[in-house]
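**Q** Got a structure here, written out as structure tokens. Questions coming.
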Amino acid sequence: MPEEAPTRLVGTFDLEVFTPPCEPGAERFAARARLTSDISGVLPYLNATQRGAIYTPSAQALIWKKGGHTIAFHAYEVLTSNAADRQEAEMELRSMIELVNRTWERRAEITPDFKTRQRPTPMAIYQQLPQTNCKACGSPTCFTFAIRLAAAQVELEACPVLLEPWRAMQLAAVRAMVVDAPGFG
């Protein structure tokens with residue numbers, strides 16, 4: 001009887017939590033999981049499912065911003081940055097390992113995406129925004145909102161001015177950049 005393929009891609013790993021060398025004495029932490037198995041096969045599935053992910057097949061790498069953290073997935077390691085303390089860094093990294101395993105377990109339900117994309121620049125987004133600086137979205141300026149939108153930290157619908165019916169063309173332009181674009185929606 002043929003052996004069934006394992007559903008969990010990452011079983012064991014070595015965990016390291018550290019202060020990034022470029023910021024000695026910083027109050028922020030990073031974490032690295034050195035993996036015993038190659039996860040490059042899951043990267044196209046993560047690219048298909050994680051909004052704002054930037055996948056580079058030639059480097060076997062996927063970079064993703066999540067809640068102020070930068071997450072990097074490589075063939076034999078996963079890294080996270082910008083954690084407030086060691087415990088947060090470790091928890092974030094463990095949740096990313098679980099994301100890898102869940103995505104791998106669901107791969108039959110996901111169409112892998114092998115395309116390389118670049119996130120839209122904040123300036124490109126800003127040029128399509130109302131530029132009223134009304135603060136209704138919770139950001140102090142429209143440019144700040146554009147930065148947060150480019151980093152996938154806010155939803156497009158947070159800007160009520162852009163949702164006004166007579167701004168439909170602007171809304172469509174921004175939506176094409178950050179919501180409807182494959183890999184960003």
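The values are calculated or read from the model by the stated rules, or taken from the named source; none is laboratory data. Everything numeric in this text was worked out from a predicted model, so none of it was measured. Note that each Cβ is placed from the backbone with ideal geometry, even for glycine, and that neighbours are counted across all protein chains shown. Accessible surface areas use protein heavy atoms only, side chains included; no ligands, DNA or RNA. Shrake-Rupley method; radii C 1.70, N 1.55, O 1.52, S 1.80 Å.
**Q** Mean shadow of the range 91-185, computed from the convex hull of its alpha carbons, in nm²?
**A** Computing the convex hull of the Cα atoms and averaging its projections yields 7.7 nm².
**Q** Hey, what's the Kirkwood Rh for the range 39-83 if you take every pair of different alpha carbons, in angstrom?
**A** Averaging 1/r across every pair of different Cα atoms and inverting gives 10.4 Å.
**Q** Could you work out the relative contact order of the range 41-96, using alpha carbon pairs under 8 angstrom and six or more residues apart, expressed as a whole percent?
**A** 19
**Q** If you work out semi-axes √(5λ) of the Cα gyration tensor in Å from the coordinates, which of (i) 33, 22, 12; (ii) 32, 20, 15; (iii) 39, 20, 14 do you get?
**A** (i)
**Q** Same structure, new question: Ranked from highest to lowest mean number of other Cβ atoms within 10 Å per residue, what is the order of the peptides 107-113, 39-45, 85-91?
**A** 39-45, 85-91, 107-113
**Q** Shifting gears a bit: Can you tell me, using C-alpha contacts under 8 Å and at least 6 residues apart, the relative contact order of the range 101-147 as a whole percent?
**A** Taking the mean separation of contacting Cα pairs over the length of the range 101-147, I get 29 percent.
**Q** What accessible area per residue comes out for the range 57-185, rounded to a whole number of Å², with a 1.4 Å probe?
**A** For the range 57-185, the solvent-accessible area averages 53 Å² per residue.
**Q** Still on this model: How large, in percent, is the carbon and sulfur part of the accessible surface of the chain at a probe radius of 1.4 Å?
**A** Result for the chain: 56 percent of the exposed heavy-atom area is carbon or sulfur.
**Q** Still on this structure, please answer the following. Compute the relative contact order of the range 86-185 as a whole-number percentage, counting only Cα pairs closer than 8 Å that sit 6 or more residues apart in sequence.
**A** Across the range 86-185, relative contact order equals 23 percent.
**Q** Multiply the residue gap between residue 58 and residue 84 by 0.36 nm, knock off their C-alpha separation, and tell me the result in nm, one decimal place.
**A** Between residue 58 and residue 84, full extension yields 6.1 nm more.
**Q** Remind me, what semi-axes does the range 56-120 give for its equivalent ellipsoid, largest first in whole Å, using sqrt of 5 times each Cα gyration tensor eigenvalue?
**A** Gyration-tensor ellipsoid for the range 56-120: 22, 16, 11 Å.
**Q** Moving on to the next point. Please sort through the DSSP H helices of the chain and keep those with an alpha-carbon extent of at least 20 Å along the long axis and a Kyte-Doolittle average not below -1.0.
**A** Span-like helices here: 86-105.
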